[in-house]
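For reference, the structure discussed in these notes is given below.
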Amino acid sequence: MMARRVAMLAAALLAAAVSGCGQGNDNKVSTPPPPTDDAEVTILDLGTVSLTPTNQSQTFDVGVSNATAVVLVADGGDATDIDIERIVTPSGAELITAPRGDANPLTGSVSPQDIGASVATAIIPTLPGTPVQNGTYTFSVASFNAAGTRVAATVHLLAIVNHRPSTVPAVLPVRLFFVGTPGLDAASAATSEPFQKIMQQFRLAYGAIGIDVQVTDMVDITGQPGTELAVLDVLDSTTDRIVPDVNLNRQSDEMDELFALSGGRTGRVLNLFFVQAFFTQSGVTAVSGGAPGPSIISGTLHSGVAVSTLGGLDPQSETDLARIEQGLETEVARYLGAVGTIDPDNFTAPQQAALLRNPAVVSPGL
């Protein structure tokens, strides 16, 4: 018999359900965030579940009322591959089916996240203009090793219910981390001409679809982490078998460490990490911690987007600054749930809808 945990998010029960579900964590599970204090978003902490190779049949019911989006986040700490492997809507439709290789309507791919990730994120609904059904959603999670065999993991589960209408104008709050970036830190960012050019273009691209990018916080990563992560390992075809990936989650160990530095910070913000350079020959200038990433949940191994300054912004040409800006805009869109080929100068209607319904996008004045 499948174990089942039930959490109702009906409007009258939301506050009590969120504030009363704290559970103890071991060292592989991120600290759960406190409940949000605005009426637009509710975070329900479903606690942790211990999966074993022979028992991965935990099923969770989440009752949803008056929502514009639901984000499910399954944080496996340093696990290899956490999957949200089944989602069933209140009407009985399966958004994701349990067989690992099945295509599913949620993303058009075989998984709600890339194969290999310590955190799995699924965002409902899937299509622009499709309302979130009121009622009970059922989902389950699983843990796999690199060979696709079910393995043990401790998984922290969260449901983020967004009540904000997917309308404009809107705001995307961002928290900036500076990690060993030559000539650029929290004190100098406001007067750095090349950095301001990048941020201005970022604002223009998202402003064109009614989203105002606003910096809410700036943090310098100094000391040993700032030194070791300044030139960031990026795991791709050019660095495979060179870059360490001990937990085999298809993300470099340094990226795991970088995104975890957002831990202990709360708020509906997107974490952006500017580093000195990437260790890769691919030419990429930005990489996201997930497609989609865990939205407004900080402190996981996938909580953010990393951006290369190509060794330092001051000597860069206008062409290279444009490359950085394009990479930043594209990876932020992926992290927030946009799918397909992304052109930040011409977001498609489905991509715009995905950005506007993500809980990281807020109403002006919040």
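Just so it is clear, none of the values below were taken in a lab; they were calculated from the coordinates. Not measured: the values here are computed from a predicted model. Counting neighbours? That spans all protein chains shown, and the Cβs are built from the backbone with ideal geometry, glycine included.
At an R0 of 22 angstrom, the distance between the Cβ atoms of residue 343 and residue 236 translates into a FRET efficiency of 0.55. Computed over the stretch 201-257, the Cα gyration tensor eigenvalues convert (square root of 5λ each) into semi-axes of 30, 18, 9 Å, ordered from largest to smallest. The stretch between residue 319 and residue 227, if pulled fully straight at 0.36 nm per residue, gains 30.4 nm over its current Cα-Cα span.
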